[in-house]
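Reviewing the structure listed below.
FYI, it's all coordinate maths here, none of it is from the lab. Keep in mind it's a predicted model, so treat the numbers as computed, not measured. When we count neighbours, we look across all protein chains shown, and the Cβ atoms used for this are built from the backbone with ideal geometry, even at glycine.
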Amino acid sequence: MNINEKLAGEVLYALALVLSVIRPPVDRLACTVLPSGEVCTGINPFFLTLHLGLVMIGSLLVALGHPFKNTHERNGWLGVVSGLGIAIIGGFSELNEVVIFGALLATLGLLLYKLGGLK
C-alpha cells in the first residue's frame, strides 16, 4: 500500500542477490585439498539463512505494496519471486539442492498464481 514498503522490499531483495555474488554462503574447510586438486567446501548456515531471509522478507514487502485480486494470486506471486531468488542464490553458491528447492517453489508458485488469477 505504501511505496516505502515496496522500495524497502526491492532493496532487500537486491541486497540478497548482490550478497550472494560477493559473499556466497560457502566456506573452504580447513585448507583440505583433495587428490584431484579441488578443495573441500561447506555451507555457512549463518550466511545462507541471511541470504534466504533477505529474499523472502524483500519479496513479502514488495507484495504488500502491490494490489492483488485475491490471496491465491498474492501467495503464488510470493512463491515465484521467492523461488527465483532462492534458485539464483543456490546457483551462485553452487548448491544444487538449494537451486532445486528454489525451482520447485517457483513452479508451485506459478501454478498457484495462474489458478488464483482465474477466480
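With the chain treated as a Gaussian network of Cα nodes joined by springs under 10 Å, which of 41, 71, 49 yields the largest mean-square fluctuation?
Looking only at 41, 71, 49, the largest GNM fluctuation is found for 41.
With +1 assigned to the C-beta of every Lys and Arg and -1 to the C-beta of every Asp and Glu, and no other charges, what is the dipole magnitude of the range 3-118 about the Cα centre in debye, to the nearest 20?
Details: 6 positive and 7 negative charges, 62 e Å.
Charge dipole of the range 3-118: 300 debye, to the nearest 20.
Taking θ = phi - 60°, what integer Hz values does the Karplus form 6.51 cos²θ - 1.76 cosθ + 1.60 yield along the range 81-95, in sequence order, with x for Gly and Pro?
Whole-Hz 3J(HN,Hα) from phi for the range 81-95: 5, 5, x, 5, x, 5, 5, 5, 4, x, x, 5, 8, 6, 10.
Give me the percent relative contact order of the chain, please, defined on Cα pairs under 8 angstrom at least 6 residues apart. Working shown, then result.
Working: 191 pairs, mean separation 33.7, N = 119.
The value is 28 percent.
Relative to the longest principal Cα axis of the chain, at what angle does helix 96-118 sit, 0 to 90 degrees, rounded to 10?
10 degrees
With a bin width of 10 angstrom, please list the P(r) values of the chain as percents of all Cα-Cα pairs, from the 0 bin to the one holding the largest distance.
Reading the bins upward from 0: 15, 37, 29, 12, 5, 1.
Taking the Cβ of each residue in 66, 51 as the centre, tally the other Cβ atoms inside 10 Å and list the residues starting with the fewest.
On the way: 66 13, 51 27.
Ranking 66, 51 by Cβ neighbours within 10 Å, fewest first, gives 66, 51.
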